[in-house]
Amino acid sequence: MMEIEEIRKSLRETIDTADEKLLRLLHNIVLAHTNTYELTQWQKDELNRRSEADEEGLSWEEVKQRIRSGHQARINRDHSEND
């Protein structure tokens, strides 16, 4: 297992030679690790409104059925358009 100083050295070397994509990825990881996100009052109010409006929600079976029926409807529509 690598010691902390070895990990730091390896990361520095990687960062020094990294392309833009990797740098952005690493930067986002650091941001996600160091930042805490606070919801705005509007977001809190909206979450409360949504949870009060639909306390029970849908079961997993209901969600799957809605997805399947919507998918099947699209298949049927596409099939009829091609005839």
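The values are calculated or read from the model by the stated rules, or taken from the named source; none is laboratory data. In this text, all values refer to a predicted model and were calculated from it rather than measured experimentally. Note: ideal-geometry Cβ built from the backbone for every residue, glycine included; neighbour counts use all protein chains shown.
Any residue in the stretch 8-15 that is modelled with pLDDT under 90 and of a type outside the set (Gly, Ala, Ser)? No; the residues of the stretch 8-15 include none that is modelled with pLDDT under 90 and of a type outside the set (Gly, Ala, Ser). Screening Leu39 against (1) in a helix (DSSP H, G or I); (2) surrounded by 10 or more Cβ atoms within 10 Å (Cβ to Cβ) leaves a single unmet condition, (1).
Within the stretch 53-73, the only residue that satisfies the criterion of being at pLDDT below 75, in a helix (DSSP H, G or I) and surrounded by fewer than 10 Cβ atoms within 10 Å (Cβ to Cβ) is Ala53.
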